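The values are calculated or read from the model by the stated rules, or taken from the named source; none is laboratory data. Please read all numbers here as calculations on a predicted model, not as lab measurements. Glycine gets a Cβ as well: all are built from the backbone with ideal geometry, and neighbour counts include every protein chain shown.
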Amino acid sequence: MRDITKLFGNYKLFQEKNGFRFSIDAVILSLFFPERKNKKILEIGTGNGIIPIILLGKNKIDTITCVEIQEKVSQLAIENIKLNGFEKNVRVENCDIKNFKEGNSYDIIISNPPYMKIDGKKINVEESKSIARHEVCLTLEEFIENAKRLLKPRGEIYIVHQTSRLQDILLLFEKNNFFPEKIQFAYHKKNTKSNLVLIKALKGKKTILEVEEPLYMDELNFELEE
């Protein structure tokens, strides 16, 4: 069973009622991402296609390649991209990013990767949710290693992740020769702890780190209607 979600007034997405549904994480990552025209861009784990739809809808990019490991989910992304008229701008590949062969060729990678470690605790039995949320098919280390493999020298990576995993991310960035350039901490509202962090890093290029002003998600001005 599906329903349809309206976003920013102009865009629509089909979503499975009992499958994985996008969250505000994808929205804030799309807003964090700057205009990057005439660049070769790759999204790892597109889900239902929300990020390319927002980026194209806000005229931040020209084209993008999206990789999605789940066949059913990738087909949903293709439907949503067509629904919004972006089929000429987006290529969706149904494959495991570890087997994606276009190494050392992308200027930019953007991703909302799986957050949660497999640590013996109970995970969601619905496959599309467990793969999207947990490191079932792609660990954080594998994600960063493959981003390094796929990016050109001095390529950019933009991710959103749990703030509690920031130390892990920074250690793996250092191991793989990534240098964080911009970090923004996101909060549900003021006077709470940060639960999400947005990061831009560069492959093989040392840079001065900037910490952006906090993002309070309850103050975001975007329309979401189901």
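Condition test on R149, is it modelled with pLDDT of 95 or more, out of contact with any Phe, Trp or Tyr (no Cβ under 8 Å at 6 or more places or on another chain) and at positive phi?
The answer is no for R149.
Residue-wise test of (1) β-branched (V, I, T); (2) under 19 Å from the mean Cα position of the chain (by Cα).
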| site | (1), (2) |
| --- | --- |
| I157 | yes, yes |
| Q162 | no, yes |
| L172 | no, yes |
| A186 | no, yes |
| N195 | no, yes |
| L198 | no, yes |
| A201 | no, yes |
| K206 | no, no |
| L220 | no, yes |
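Of all residues in the range 1-28, those that are of a type in the set (S, T, N, Q) and either over 22 Å from I110 (Cβ atoms) or surrounded by 17 or more Cβ atoms within 10 Å (Cβ to Cβ) (or both) total 3.
Restricting the range 89-145 to residues that are over 12 Å from I69 (Cβ atoms) and among the basic types (K, R) leaves a set whose member that is modelled with the lowest pLDDT is K129.
Condition first: out of contact with any Leu (no Cβ under 8 Å at 6 or more places or on another chain) and crowded, with 17+ Cβ neighbours inside 10 Å. Now tell me which residues in the range 167-187 satisfy that. Spell out the reasoning first.
From the range 167-187, those out of contact with any Leu (no Cβ under 8 Å at 6 or more places or on another chain) are 167, 170-171, 173-177; that's our starting set.
Of everything in the range 167-187, those that are out of contact with any Leu (no Cβ under 8 Å at 6 or more places or on another chain) and crowded, with 17+ Cβ neighbours inside 10 Å turn out to be F173, N176.
Among the residues making up the range 73-102, a single one is of a type in the set (D, E), within 17 Å of I54 (Cα to Cα) and out of contact with any helix residue (DSSP H, G or I) (no Cβ under 7 Å at 6 or more places or on another chain): E79.
Among the residues making up the range 29-79, those that are in contact with a strand residue (DSSP E or B) (Cβ under 8 Å, 6 or more places away or on another chain), among the acidic types (D, E) and surrounded by fewer than 23 Cβ atoms within 10 Å (Cβ to Cβ) are E71, E79. For the range 134-167, a residue qualifies if it is farther than 14 Å from L196 by Cα and charged (D, E, K, R), and the qualifying residues are E135, E141, E142, E145, K148, R149, K152, R154, E156.
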